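The values are calculated or read from the model by the stated rules, or taken from the named source; none is laboratory data. For clarity, every value in this text was computed on a predicted model and none was experimentally measured. Each accessible area value is taken on the protein alone, full model and side chains, heavy atoms only, with ligands, DNA and RNA left out. Shrake-Rupley method; radii C 1.70, N 1.55, O 1.52, S 1.80 Å.
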Amino acid sequence: MSAHSQTAGAGLALLVFFSFFCGCVSSNIGDIRYTDGALATTITNPGHPADAFVQVTVYEVNGLSQQEYTVVMEGIKLKTGDNAVKIPVTLKPGTYKLNIYLIQEGERKTAVIRDIVV
C-alpha cells in the first residue's frame, strides 16, 4: 500500500471520528419546573465557562389554542458541567408551552420546547 493511500485512509478515519463526536459538545437544557415564582432548570455546559442568556417565550394553552403570554430573558454565567438556572416569571395556574433558547455570543446554541402545568 502506498504512503499516499495510508495518509488518505488515516485522514478519512479522523474525519469520521470527529464528525461522530461533534454532537457531544453542545449545551443541553434539562427538564423544567415552576417553583417559587420562577422557572427552574438545569443547563449542561460541556465547554469552557461562558456568559449566556436564556430566553423563554411562554404560551398559555387553552384547549386546542395557544396565545403568547410573555417573553422573559435572563443573563446567566455558565460554568463547565451542570448549572442550576432560575428564570423569574409569574404564572397563574394553567397549562403552558415554553420555547426555551440558550444564547451565547449572539448565537442561539440550543432550543427546546417544554410543556408545563402550574
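Kindly report, to the nearest 10 Å², the accessible surface of K79 as traced by a 1.4 Å probe over protein heavy atoms only.
Roll a 1.4 Å probe over it and K79 shows about 120 Å².
Can you tell me how much longer the chain between A50 and K86 gets when fully stretched, taken as 0.36 nm per residue apart minus their C-alpha distance, in nm with one decimal?
Length gained, A50 through K86: 11.3 nm.
Take every Cα-Cα pair in the range 20-103 and report what % of them are more than 22 Å apart.
Numbers: 1071 of 3486 pairs.
The share of Cα pairs beyond 22 Å in the range 20-103 comes to 31 percent.
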